[in-house]
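See structure below.
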Amino acid sequence: MEKLLSITNLKKYFPVAKSSLFAKQMYVRANEDISIDIYKGETFGLVGESGCGKSTLGRVLLQLYEQTAGSTMYYGRTLEEVAPKYVLHTLSNAEKYIEKYRKATAHAEEITKKCDALGDNATFFDLQDKNLALCDAKTALDYCAKILGGFMVRETRQGAALLSEKYRFAFQAASIAARAEDIRLEIEVQESLLEDTPQKAAAIQGKLSKLRKKYDELLAEQKKLLASAAETEQKIAQLKAPYLKDAEFAEYEAMLDNGVDLKRLKYSEMRHLRKDLQIIFQDPYSSLNPRMTVGRIIEEGLVTHKFFKAGSKKMQSYVFDVMNSCGLQNYMYNRYPHQFSGGQRQRICIARSLAVKPKFVVCDECVSALDVSIQSQIINLLQELKEKEGLTYLFISHNLSVVRYISDRIGVMYLGNMVEVAETDEIFSDPRHPYTIALLSSIPTTDPESLTKERIILEGNIPSPIKPPSGCKFHTRCFMACDKCKVVPPALTEVKPGHFVACHFAEQKKVDENGNYLFDVKLTTNQR
């Protein structure tokens, strides 16, 4: 499967107002060290209790919230297409970034040796320092290895200069392509005017002739720049040839990444990618402008992202097609949001998001505000549009039954951390994390056999994300917690192919083939 998004050590902290000038700055740790891959064409379900950071994660991926740390690599477009400024900045400061990486790595090794020497005597703060140091080293590696590749090790100046030259040509070509697209849209407008006002044909033909000439010139200039970029690529290949057998060079060269780091994009660059990355909000009432008609709501993104010129006849025809595909009739085009039901408003939200042909859509609890009959209609619509348009979804919900129906893989979140990730059938047939098991036990059912099973009730409330518990964050409510859980935070490890769990008892199966618990719920709970 081909990656669309690769999230590594993502963090999102919200600062809390200080009580005094000398008080220590505190943060709400909404997302903590999240690392997942989302593949093209899949629906990744995200579940957990309210307040666990699901919606925050969705908005951070779209950079609606600024990311505190980590990297979010997007593979829907190449670096040459997006032309981010951070690439040339990294290349011009290549040696500085490499030195930063080496210092971070040395610091991480020092802290790790210290913790290993302490063994079981290592405190929570020692382990936290180790975790932060390892994350810093990983982040520093991402910053340069994904752009510089093998040039990190050898020929840094020469290699970085060639890469810089290649990207400059490619980025100039991308800029010219954008200008050419503006002229193409203007040509379309003039051609429609030619049909509507034949009495002004001479003047319009003259303007069209100039526009077409300029358009052809820009395309020719773009072609030359792309050819220059290809020549530079050949020089880079020749420079790399004598190091092919060098293991260290090959290791770093394998890290060379043509994805776009969304965290490092400027506002204007991220705005350019908004059409690729869309969101369907939870509340269809507050997410629509009450002063705009349905037609204008859907057209706004199309004009902003230069799909059509404002007032274009082709745009209205296109909007009708989008509305029809989302279950909306043409006569609704001039109506206002208050004239629709909740289900219809959610269809308008879906039409607005999908009109700009996105590649990735965050569905932020988009059916939780609807009644059950409408929920099924909206979910079926999302499934149909996904297959038709080749979309990728991040489907956020606290309803496991809904997530099971629509998702290919599921991630379970607790207090900002990802505690279990696996394919949907695997999560339901072989859950390994105690929190996942508790969630599954709470699903309402009419199955007579399931009614006899004892429900696992989690004790207490979710701890504060400002001062989360030491060790495993779930240990304060876990029915299987031991002393180790209170001190050592478990890493998200792969227990089976594609099945990741963050638990010290992840290797132990907790349900049999029939879904029966392999432990005594009462006994385990009473032991706590």
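The values are calculated or read from the model by the stated rules, or taken from the named source; none is laboratory data. On a predicted model such as this, the values are computed, not experimentally measured, just so you know. Heads up, the Cβs are rebuilt from the backbone with ideal geometry, glycines too, and the neighbour counts pull from every protein chain shown. Heads up: the accessible areas ignore ligands, DNA and RNA and are worked out on the full protein's heavy atoms, side chains in. Shrake-Rupley method; radii C 1.70, N 1.55, O 1.52, S 1.80 Å.
Some notes on this structure:
- So L118, is it farther than 30 Å from K275 by Cα, open to solvent by 30 Å² or more (accessible area, probe 1.4 Å), assigned to a helix (DSSP H, G or I) and of a type outside the set (K, R): yes
- Count - residues of the stretch 318-342 that are open to solvent by 20 Å² or more (accessible area, probe 1.4 Å) and either at pLDDT below 90 or more than 30 Å from A180 (Cα to Cα) (or both): 13
- Any hit, the stretch 135-143, residues being surrounded by fewer than 17 Cβ atoms within 10 Å (Cβ to Cβ) and more than 30 Å from S268 (Cβ to Cβ): no
- The number of residues in the stretch 3-34 being open to solvent by 10 Å² or more (accessible area, probe 1.4 Å) and among the hydrophobic types (A, V, I, L, M, F, W, C) comes to 9.
- Residue-level check: of (1) touching a Leu at 6+ places or on another chain (Cβ under 6 Å); (2) open to solvent by 50 Å² or more (accessible area, probe 1.4 Å), S50 misses just (1).
- Any hit, the stretch 479-493, residues being of a type in the set (F, W, Y) and part of a loop (DSSP other than H, G, I, E, B): yes
- Criterion (open to solvent by less than 80 Å² (accessible area, probe 1.4 Å), among the basic types (K, R) and touching a residue at least 24 places away in the same chain (Cβ under 8 Å)) met by exactly one of K214, K235, K263: K263
- Residue, least open to solvent (accessible area, probe 1.4 Å), within the stretch 56-112, restricted to residues that are farther than 30 Å from R29 by Cα and of a type in the set (V, I, T): V82
- Where helices (runs of 4 or more DSSP H) fall entirely within the stretch 51-115, those with at least 2 residues that are of a type in the set (G, A, S) are at 54-61.
- Looking only at the stretch 121-155, residues that are part of a helix (DSSP H, G or I), in contact (Cβ under 8 Å) with a residue 40 or more places away in the chain, over 21 Å from P84 (Cβ atoms) and in contact with a helix residue (DSSP H, G or I) (Cβ under 7 Å, 6 or more places away or on another chain) come to 2 in all.
- On inspection, R168 fails the criterion of being under 23 Å from L219 (Cβ atoms) and free of Cβ contacts under 8 Å to residues at least 40 places away in the same chain.
- All conditions in (1) under 24 Å from the mean Cα position of the chain (by Cα); (2) touching a residue at least 60 places away in the same chain (Cβ under 8 Å) hold for L382, with the sole exception of (2).
- Scanning the stretch 68-127 for residues that are under 27 Å from the mean Cα position of the chain (by Cα), of a type outside the set (A, V, I, L, M, F, W, C) and within 20 Å of A229 (Cα to Cα) yields a count of 9.
- Looking at S92, S71, S19, S55, just one residue is free of Cβ contacts under 8 Å to residues at least 60 places away in the same chain and among the small types (G, A, S), and that residue is S19.
- Restricted to the stretch 474-492, and to residues there that are open to solvent by 30 Å² or more (accessible area, probe 1.4 Å) and of a type in the set (D, E, K, R), the residue that is farthest from the chain's Cα centre (by Cα) is D483.
- Residues of the stretch 34-60 that turn out to be closer than 30 Å to A229 by Cβ and among the hydrophobic types (A, V, I, L, M, F, W, C), as a count: 1
- Within the stretch 355-373, being over 14 Å from Q282 (Cα atoms), in contact (Cβ under 8 Å) with a residue 24 or more places away in the chain and open to solvent by 20 Å² or more (accessible area, probe 1.4 Å) holds for K357, K359.
- When we screen L194, L225 for residues that are at pLDDT below 85 and either of a type in the set (F, W, Y) or surrounded by 13 or more Cβ atoms within 10 Å (Cβ to Cβ) (or both), the only hit is L194.
- Qualifying residue in the stretch 270-293 (condition: modelled with pLDDT under 85, part of a helix (DSSP H, G or I) and open to solvent by 40 Å² or more (accessible area, probe 1.4 Å)): no
- The lone exception for V495 - which of (1) open to solvent by less than 60 Å² (accessible area, probe 1.4 Å); (2) in contact with a Gly (Cβ under 7 Å, 6 or more places away or on another chain) it fails: (2)
- Qualifying residues in the stretch 237-254 (those that are touching a Phe, Trp or Tyr at 6+ places or on another chain (Cβ under 9 Å) and at pLDDT 75 or above) - the one nearest to E165 (Cα to Cα): E253
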